[in-house]
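Here is the structure we will look at.
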Amino acid sequence: MCLPMTEQVDYGIVLWVKDGNILVVNIRGWFYSVRYLGVDASVQATKVSKSMLLGQVVKLVRDEQDTDQFGQLLRYVLLGEDRFINFELVRHGLARYDDSLDAACGATLRQAQQFAQGQEIGLWAPVTETTVPLTIVFTQPTPATSTITSTNATGVTGSATHTLSVTLTPTLTVTQTVEASSTVTISSTISTATTLTPTSSPTLTQTATP
């Protein structure tokens with residue numbers, strides 16, 4: 001196994017799985033946040049970690065770097081003495097290999113990722129495109145009537161009335177997001193432009209003011 005030969009080994013009980021990357025472990029009566037070293041896990045890894053590790057005693061092996069920037073312990077996590085959880089998550093496509101640190105198990109985790117990619121499993125499964133029928137129904141407004149009244153300098157009052165039809169021109173914007181976990185999110189925005197068009201000639205009436 002690739003684990004470094006180090007005396008920095010702890011044992012603890014997993015109390016809580018915070019997310020796919022982080023465990024909360026009771027080590028000698030103290031609670032620590034432990035992050036899988038060399039792994040960037042998916043959401044699906046949270047369920048797997050819970051089912052495997054919750055309430056279990058785990059072995060935590062340190063590499064060169066003790067903690068991350070948030071003070072969380074960076075550890076290789078083993079269930080028993082030989083079940084390497086970091087490796088299993090990557091090999092089953094539930095996590096990516098994180099090469100940001102020069103870790104002893106870097107080559108092993110990289111090979112595990114290449115296996116998952118070759119098998120097209122988990123994060124590396126092909127994305128299936130699905131066509132979803134979309135029906136949009138617009139109700140055109142009823143025609144509007146416009147009347148303009150004015151009085152000229154000689155005291156003659158006139159009014160002009162004409163009918164306007166209202167036309168709505170819809171614009172549909174669809175945004176599709178495809179994640180590596182084969183989740184497709186579609187959101188749409190509909191905006192309308194309004195056009196007023198005369199449909200009748202103005203009717204003019206005049207009234208003379210005595």
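Each value in this text was obtained by applying a stated rule to the coordinates, not by laboratory testing. Everything numeric here is computed off the predicted structure, so don't read it as measured data. In this analysis, Cβ positions are derived from the backbone assuming ideal geometry, glycine residues included, and neighbour counts consider all displayed protein chains.
Annotations for the structure displayed:
- Long-range HN-HN contacts of Arg96 with modeled amide H, under 5 Å: Asp40, Ala41, Ser42
- Taken over segment 3-100, the alpha-carbon convex hull comes to 94 cubic angstrom per residue.
- With the highest mean first, a sort of the peptides 8-19, 75-86 on other beta-carbon atoms found within 10 angstrom per residue produces 75-86, 8-19.
- Only aspartates and glutamates eight or more places from Lys47 in sequence, or on another chain, were considered; those with a Cα closer than 15 Å are Asp19, Glu88.
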